[in-house]
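K.L.:
Okay, here's the structure, questions in a sec.
What follows is calculated from the coordinates using simple rules that are stated; it is not laboratory data. In this text, all values refer to a predicted model and were calculated from it rather than measured experimentally. Cβ placement follows ideal geometry from the backbone for every residue including glycine, while neighbour counts extend to all protein chains displayed.
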Amino acid sequence: MSTRLKLAVPNKGRLSERALELLSLAGFHVPRHARRLMADVNDQWRLLFVRTDDIPEYVANGTADVGITGFDIVRESGLDVERVLDLGFGKCRLVVATLQAHEIKNVKQLQGKRIATVFPNLTKNFFTENDVEVDIVPLSGATEIAPSIGVADAIIDLVETGSTLRQNGLEILETFLYSEAVLIANANSIAEKRDALIELETAIKSVLDAKAKRYFMINAPEDELEQITALLPGVTAPTVMPLMGREGWVAVHAVIHEGDVNRIIPELRKCRAEGLLILPIERMMP
Ligand code: AMP
């Protein structure tokens, strides 16, 4: 029997490519031609390519040890899995929306109304918590057209920017869940295969941490070093090296936040910095 650890990843849909890209950057590279039902990565891991919606079930019942799926899907499943890591992509929110032209302007006014959704469980919980009784109309997609064709009075749906809703004449009454892609794990697997799961989590986290950072290299006069170090936020100890053949000059290397790059450059120029190089960082383990 195979002792490989099993990681369930979406086989298609919005989250699939991004999940594989993240895994690849983390060192779990799957060639495109191998992305069918399952693929083995190094000696330790087996990737299972399955439907995004089914991943909580596979993880909960132990078919997979870990999985990547949307947090909304995990919550809708109601299954008992551990949310190990937020992955920073597939960001969206679950909202209650109704026709702009409708007289309904808050959730309480939905009493007795029909709500179309692909999230019947979350919808039921939401209205129960709000003490509002509704009829749920379960659909398998395209809920945004339900109000205008008279199938429902309101919808509960995922939005990223809200533009699809606006195009369909809908307005948001309330946001009640923020979602993104998450790494989930089975509690038994966490206990029994701890070391391998920590290795996976650490590898993925190192990619996420590196994304917003840049490796910054400059040459500068040594007598400006104090000023320059003060300009590099969050860096307690930049690497400083002598420059061969340039008396009184040094190379300074530091990791900085990408959002600070443009602000810092003119300041460094004032300190007579030259030869600036700004590089992406593949992985980072502080
Ligand atoms: P799929 O149906 O396989 O394309 O994946 C849908 C999942 O992608 C959702 O359950 C969310 O977790 C995520 N997602 C991210 N942004 C959106 C969006 N604007 N609309 C629908 N799903 C989104």
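K.L.:
Which net charge results when you count Lys and Arg as +1 and Asp and Glu as -1 among the other residues whose beta-carbon is under 10 Å from that of G112? Walk me through the numbers on the way to the answer.
P.N.:
On the way: positive: K113, R114; negative: E133, D135, D153.
So the environment of G112 carries a net charge of -1.
K.L.:
Taking the Cα centre of segment 213-280 as the origin, how large is its charge dipole in debye, to the nearest 20, when only Lys and Arg (+1) and Asp and Glu (-1) carry charge on their Cβ atoms? Show your work: numbers first, answer last.
P.N.:
Values: 7 positive and 9 negative charges, 51 e Å.
Its charge dipole is roughly 240 debye.
K.L.:
For the chain, max minus min Cα coordinate along each principal axis, in Å, sorted largest first?
P.N.:
Result, largest extent first: 81, 57, 34 Å.
K.L.:
Please report the base-10 log of the normalised intensity I(q)/I(0) for segment 92-179, using a Debye sum with one equal scatterer per alpha carbon and no solvent, at each q in 0.12, 0.19 (1/Å).
P.N.:
The Debye formula, applied to the Cα set alone, gives -0.28, -0.75.
K.L.:
Moving on to the next point. List the GluC sites (Glu not before Pro) within segment 41-124 that fall in a DSSP loop (any state other than H, G, I, E or B) and whose Cβ has at most 12 other Cβ atoms within 10 Å. Intermediate results must be reported in sequence, preceding the final value.
P.N.:
Details: sites: E57, E76, E82, E103; in loops: E103.
Those that pass, being in a loop and sparsely packed, are E103.
K.L.:
In addition: Given the options L279, P242, H253, identify the residue whose Cα lies farthest towards the positive end of the charge dipole of segment 213-280 (+1 on Cβ of Lys, Arg; -1 on Cβ of Asp, Glu).
P.N.:
Of the options given, the answer is L279.
K.L.:
Given P266, P10, L231, which one lies farthest toward the positive end of the charge dipole of the chain, if we put +1 on the Cβ of every Lys and Arg and -1 on the Cβ of every Asp and Glu?
P.N.:
P10
K.L.:
How big is the dipole moment of segment 1-67 about its Cα centre under a simple scheme where the beta carbon of each Lys and Arg is +1, that of each Asp and Glu is -1, and everything else is neutral? Debye, nearest 20, please. Please list the in-between numbers first.
P.N.:
Working: 10 positive and 8 negative charges, 48 e Å.
Using Cβ point charges on Lys, Arg, Asp and Glu, segment 1-67 gives about 220 debye.
K.L.:
Using unit Cβ charges (K, R positive; D, E negative) and no other charged atoms, how large, in debye to the nearest 20, is the dipole of segment 92-179 about its Cα centre?
P.N.:
Numbers: 7 positive and 11 negative charges, 12 e Å.
In debye, rounded to 20, segment 92-179 gives about 60.
K.L.:
Sum up the charges of everything whose Cβ sits under 13 Å from the Cβ of E174, counting Lys and Arg as +1 and Asp and Glu as -1, but leave E174 out.
P.N.:
Values: positive: R93, K105, K108; negative: E129, D157, E171.
Surrounding charge for E174 is 0.
K.L.:
Still on this structure, please answer the following. Quick one: grab Rg to one decimal and Dmax as a whole number for segment 213-280, Cα atoms only, in Å.
P.N.:
My reading of the Cα-based Rg and Dmax gives 10.9, 34 Å.
K.L.:
Add +1 for every Lys or Arg and -1 for every Asp or Glu among the other residues with Cβ under 12 Å from the Cβ of A191, and state the total. Kindly include the intermediate steps, with their values, before the conclusion.
P.N.:
Details: positive: K193, R194; negative: D65, E82, E192, D195.
Computed value for this residue: -2.
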